[in-house]
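Trainee: Sending over a structure as structure tokens; questions will come in a sec.
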Amino acid sequence: DREVVKKGISYRYRFFEHREEKEKENLIISPDDYLDKMIQLPLELPIIEHGRKKTFIESLMGNSDDFKVHSGLIIDSGIGENPRSLKRFVNLLAFIVNLAETLKENIISDKVEPKETNEHKELLKNHFIPILYMKWTIIVFRYPKVHNDIKGNPKRLIEIQEAAEGVGNAEKEEAPGMQIDERLRKVLVNGKGFPGDDW
């Protein structure tokens, strides 16, 4: 992304701004010159046409029917049109799914200590599912501040979900920081939600 690199170069050399013009000319290179010098063959990926996006996502995900059912609804709302972002998101999603499914299998088959209760195993069966994997991955991938809030206070996820759904007085009681991005709201209100169980 040429514009991203140009902004990065400008920021990296921002401390030269107050130097004399002649001195600056000897010390730094312009963002355009930098790109021309460093990149031999620039490939600019176009935004994916709306009609082809679902096919593109499905091709990245492989043959998982569970993911195909929800991919248009959840990923379209949460990630956007950039093919580079979609590819990175799908790679992260594949990692999270692999990790979650391994954990789920280990707990259900009593391969971990201490052994979990049948109630907890039912929670895993009911909520370690494709749509919630996608929602969680979107939070991790696109909303790092929200993810950090949740890591510090797991109940925060349910508070945010309830605020997105307009349940109770969640939005009124929370501080102004509870404002929810419209894309995240669309992700959270569609399909099955995260369970409120503390475990």
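Trainee: Quick one: length gained pulling Asp32 to Asn91 fully straight, 0.36 nm per residue minus the C-alpha distance?
Mentor: 18.1 nm
Trainee: Can you give the accessible area of Phe128 in Å² (nearest 10), computed on protein heavy atoms with a 1.4 Å probe?
Mentor: Counting only protein heavy atoms, Phe128 exposes about 50 Å² to solvent.
Trainee: Another question about this same structure. List, in the order given, every pair from Lys6/Lys37; Lys115/Lys192; Lys7/Lys87; Lys104/Lys125; Lys111/Lys192; Lys135/Lys155 whose Cα-Cα distance in the structure shown is over 18 Å.
Mentor: Lys115/Lys192; Lys7/Lys87; Lys111/Lys192, as the Cα separations exceed 18 Å there.
Trainee: On a full-extension model of 0.36 nm per residue, what is the gain between Asp110 and Asn98, subtracting their alpha-carbon distance, rounded to one decimal in nm?
Mentor: The span from Asp110 to Asn98 would gain 2.5 nm if fully extended.
Trainee: Ranked by accessible surface with a 1.4 Å probe, highest first, in what order do Tyr143, Tyr11 come?
Mentor: I get Tyr11, Tyr143, largest accessible area first.
Trainee: Could you compute the net charge surrounding Leu157? Neighbours are other residues with a C-beta less than 13 Å from the C-beta of Leu157; K and R count +1, D and E count -1.
Mentor: -2
Trainee: From the backbone phi of the range 7-12, what are the Karplus-calculated ³J(HN,Hα) couplings (6.51 cos²θ - 1.76 cosθ + 1.60, θ = phi - 60°) in whole Hz, Gly and Pro given as x?
Mentor: The phi angles translate into 5, x, 5, 4, 5, 4 Hz.
Trainee: Assuming 0.36 nm per residue, please report the length gained on full extension of the stretch Leu123 to Val167 beyond their Cα-Cα distance.
Mentor: In short, 13.6 nm is gained.
Trainee: In terms of the Cα gyration tensor, with a ≥ b ≥ c the square roots of its eigenvalues, is the range 80-199 rounded because a/c is under 1.5, prolate because a/b exceeds b/c, or oblate?
Mentor: oblate
Trainee: Near the amide H of Glu81, under 5 Å away, which other amide H atoms are found, from residues 5 or more places off or on another chain, if H is placed in the peptide plane?
Mentor: Under 5 Å from the amide H of Glu81: no residue qualifies.
The values are calculated or read from the model by the stated rules, or taken from the named source; none is laboratory data. Keep in mind the model is a prediction, meaning the values are calculated, not measured. With ideal geometry, Cβ positions are generated from the backbone for all residues, glycine too; neighbour counts draw on all protein chains shown. For the accessible areas, the whole protein counts, side chains as well, though only heavy atoms, and no ligand, DNA or RNA atoms are used. Shrake-Rupley method; radii C 1.70, N 1.55, O 1.52, S 1.80 Å.
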